[in-house]
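Visitor: Could you have a look at this structure, given as structure tokens, before my questions?
Only the coordinates and a few stated rules stand behind these numbers; no lab work does. Computed from a predicted model, the values in this text were never measured in an experiment. Glycine gets a Cβ as well: all are built from the backbone with ideal geometry, and neighbour counts include every protein chain shown.
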Amino acid sequence: MIKIAPSILAADLLKIKQEVLSVVEAGADYLHIDIMDGHYVSNITFGSNIVKSIRPITNITLDVHLMISPVKQYVESFVKAGANIVSFHPEADSSPEKIIEEIKSLGCKCGIAVHPKIEIKDIEKYISLVDLIIVMTVVPGLGGQNFMENQLTKISTLNELRAKEGLEFEIEIDGGINYKTSKLCVDKGADVLVAGSYIYNSPESDYKKLINSLR
């Protein structure tokens, strides 16, 4: 079954506890947490404190996406805060293999994220080492952007590589996901869909219906 990962970037932070519990109750599989530092992307969001705050209120998988540069010195703080998956952009640091090794050595699943400007051939050497690959279907940095259909071929390529190499990483899609674009991604081989505005810009009573619509 397709997994849904609501992104708290679009949630109402004044009632973050309720926003988290509501999507969990509505059937979310992961909770997606975007970390931006104003260096790798132009926006600034949270630090590891947001993970630490959310962890005690739910057992849901906390799916942390680091859009930061450098990466290595911050990894441990996110794992210790309670992240279940930590993903990063390989081009954002000089030692991607060491970062992957460190995340996994801390008992956490590791993912890598693919910026729209990055080709699959550029990250192919890492795919056998990770548990998750995020295909960005918007330019990272801001929520609510339009879906980039030209990124769909990356999903197909990853799906083919996974089958060919007998690998088990999940393919996650992040950016512009709604009931129409979700089908495009799933048809290409996506396993996890990140949705922010599509879920959180609607009344809480609609969360379950919206999550089900993506599946």
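Visitor: Which value in deg cm²/dmol, rounded to the nearest 500, describes the helix-derived mean residue ellipticity at 222 nm for the chain, given -39,500 (n - 2.57) per DSSP H run of n ≥ 4 and division by the residue count?
Guide: Working: 9 runs with 74 residues, N = 215.
Calculated from helices alone, the mean residue ellipticity at 222 nm is -9500 deg cm²/dmol.
Visitor: Rounded to whole Å and ordered largest first, report the semi-axes of the equivalent ellipsoid of segment 3-214 derived from its Cα gyration tensor (root of 5λ). Intermediate values should be presented prior to the final figure.
Guide: Values: eigenvalues 114, 88, 48 Å².
The answer is 24, 21, 15 Å, longest axis first.
Visitor: Find how many whole Å separate the alpha carbon centroid of segment 150-173 from the alpha carbon centroid of segment 74-89.
Guide: 23
Visitor: Further question: Based only on other Cβ atoms within 10 Å, what is the fewest-to-most ordering of Thr153, Thr181?
Guide: Values: Thr153 13, Thr181 22.
Ordered by Cβ neighbours within 10 Å, fewest first: Thr153, Thr181.
Visitor: While we're looking at this one, here's another question. Remind me, relative contact order of the chain in percent, using alpha carbon pairs under 8 angstrom and six or more residues apart?
Guide: Values: 429 pairs, mean separation 46.8, N = 215.
Result for the chain is 22 percent.
Visitor: Can you compute 3J(HN,Hα) from phi for each residue in segment 6-22, using the Karplus curve 6.51 cos²θ - 1.76 cosθ + 1.60 with θ = phi - 60°, rounded to whole Hz and x for Gly and Pro?
Guide: So the J values, rounded to whole Hz, are x, 9, 6, 4, 9, 6, 7, 5, 5, 9, 4, 4, 5, 4, 5, 5, 5.
Visitor: Tell me, Val194, Val20 in order of fewest to most beta-carbon neighbours within 10 Å? Could the numbers behind the result be given before it?
Guide: Numbers: Val194 26, Val20 21.
Starting with the residue having the fewest Cβ neighbours, the order is Val20, Val194.
Visitor: Moving on. Would you mind checking which residues have amide H under 5 Å from Leu193's amide H? H placed 1.01 Å from N; only 5 or more apart, or other chain.
Guide: Lys3, Ile4, Ala5, Ile173
Visitor: Follow-up. Counting only residues 5 or more places away or on other chains, whose amide H sits under 5 Å from the amide H of His89 once H atoms are built in the peptide plane?
Guide: Ile68, Ala113
Visitor: Using the 10 angstrom Cβ neighbour count as an exposure proxy, how do Ile100, Ile177, Ile57 rank, fewest first?
Guide: Ile57, Ile100, Ile177
Visitor: Something else now. Run through the DSSP bridge list for segment 3-214 and note the antiparallel percent, rounded to the nearest 5. Write out the running numbers ahead of the final one.
Guide: Details: 1 of 33 bridges.
Around 5 percent of the beta bridges assigned by DSSP in segment 3-214 are antiparallel ones.
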